[in-house]
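Chemist: Pasting in a structure now, in structure tokens, and then I'll have a few things to ask.
The values are calculated or read from the model by the stated rules, or taken from the named source; none is laboratory data. Just so we're clear, the structure is a prediction, and the values are computed from it rather than from any experiment. Positions of Cβ are generated from backbone atoms using ideal geometry, with glycine treated the same way; all protein chains shown enter the neighbour counts.
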Amino acid sequence: MRTSYGIIQQKHRAYQVWSIQVRSVDCNYFVWISYSGLGNRMLTLASAFLYALLTNRVLLVDPGVNIPGLFCEPFPETSWLLPPDFPLINQFNTFDKKSPNSYGYMVKNDMIIGNYSTDGSILPPFIYLHLAHDYDDQDKLFFCDQDQSYLQKIPWLVMKTDNYFVPSLFLITSFEQELSNLIPEKERVFYFLSRYLFHPTNAVWELVKRYYQAYLAQANEKLGIQIRVLETNSGPLKYIMDQIINCTIQENLLPKINRSSEPIVLNQSGKKKKTIAVLTTSLSPGY
């Protein structure tokens, strides 16, 4: 891995001397803003980590509401958490695609030419990257080689996203060789990143073990169903439930359901009873 996380211990408090007038630092940083649900945060954090590796940046993580309570620090003898008095931390909630410091806004308003801004000033000390679901074409220029060349000159990059953008990094020509060296089997990229980054705290791991032992451990088979429906009410919606049931039956994931009131006596002599545990996740509690 190209980024040496050992330097964080000496470097990650460089923000104390950083201000709008400071343009020269001997280390570049990539700040991940905690945003959206836990699943999205894990996906985007993995994406941010890979980008930091590819661009020789130190990754600093906004702890948000509960990141420290969920995951252990992945790097020995140092912390990846953003210090609480980081100068921009109070602006994180207000950053969006219309922010004057966002890269898309600057491109759209012709504020960038070469190594200088169009007003003649030198490079900004930080740029905000808006890569959330509502980003526009100018924001998406982040994934172009020419724009990456410019961004490499910026000491601090601050990103907010709810998109897993690792696949897009594989389309950036300048990253191809390094990605090939780091992750020869690109189909396993999230497996590689998540195994390295996401280690649950003791409290979380105890909850996971207790749940597993209570509901899943004794089953012969385990089936996971994620119901991703962006609905405003609590659900469940009948047509969604019908789709799920039909799918599990047609694909032989679950045994057929007896919808009649009459009990069916099955002849299972000589057959070992099989149990199936179904784990359902959804943003809607009705399911």
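Chemist: Kindly establish whether Asp242 is acidic (Asp, Glu) and free of Cβ contacts under 8 Å to residues at least 40 places away in the same chain. Walk me through how you get there before you give the answer.
Modeler: Numbers: acidic (Asp, Glu): yes; free of Cβ contacts under 8 Å to residues at least 40 places away in the same chain: yes.
Taking the combined requirement at face value, the residue satisfies it.
Chemist: Please find, among Pro124, Pro74, the residue that is over 20 Å from Val166 (Cα atoms), at pLDDT below 95 and surrounded by 13 or more Cβ atoms within 10 Å (Cβ to Cβ). I'd like the intermediate steps shown before the answer.
Modeler: Details: Pro74 fails: over 20 Å from Val166 (Cα atoms).
None of the others qualify; the one that does is Pro124.
Chemist: Then there's this: Asp147: in contact with a Phe, Trp or Tyr (Cβ under 8 Å, 6 or more places away or on another chain) and among the charged types (D, E, K, R), yes or no?
Modeler: Working: in contact with a Phe, Trp or Tyr (Cβ under 8 Å, 6 or more places away or on another chain): yes; among the charged types (D, E, K, R): yes.
Spelling it out, Asp147 is indeed in contact with a Phe, Trp or Tyr (Cβ under 8 Å, 6 or more places away or on another chain) and among the charged types (D, E, K, R).
Chemist: Find the residue count for region 250-266, including only residues that are at pLDDT 90 or above and hydrophobic (A, V, I, L, M, F, W, C).
Modeler: Qualifying residue count, region 250-266: 1.
Chemist: Of all residues in region 188-243, how many are assigned to a loop (DSSP other than H, G, I, E, B), among the hydroxyl-bearing types (Ser, Thr, Tyr) and under 30 Å from Phe49 (Cα atoms)? Walk me through how you get there before you give the answer.
Modeler: Initially, region 188-243 is screened for residues assigned to a loop (DSSP other than H, G, I, E, B), giving 198-199, 201, 216-220, 228-237.
After this cut, where a residue has to be among the hydroxyl-bearing types (Ser, Thr, Tyr) as well, the list is 201, 232, 234.
With the extra rule that they be under 30 Å from Phe49 (Cα atoms), the set shrinks to 201.
Count: 1.
Chemist: If you don't mind, another one. Do we have any residue at all in region 70-87 that's of a type in the set (A, V, I, L, M) and more than 29 Å from Val208 (Cα to Cα)? Steps first, answer last, please.
Modeler: Taking region 70-87 and keeping what is of a type in the set (A, V, I, L, M), we get 70, 81-82.
Next, only the ones that are more than 29 Å from Val208 (Cα to Cα) stay: none.
The answer is no, given that none of the residues of region 70-87 is of a type in the set (A, V, I, L, M) and more than 29 Å from Val208 (Cα to Cα).
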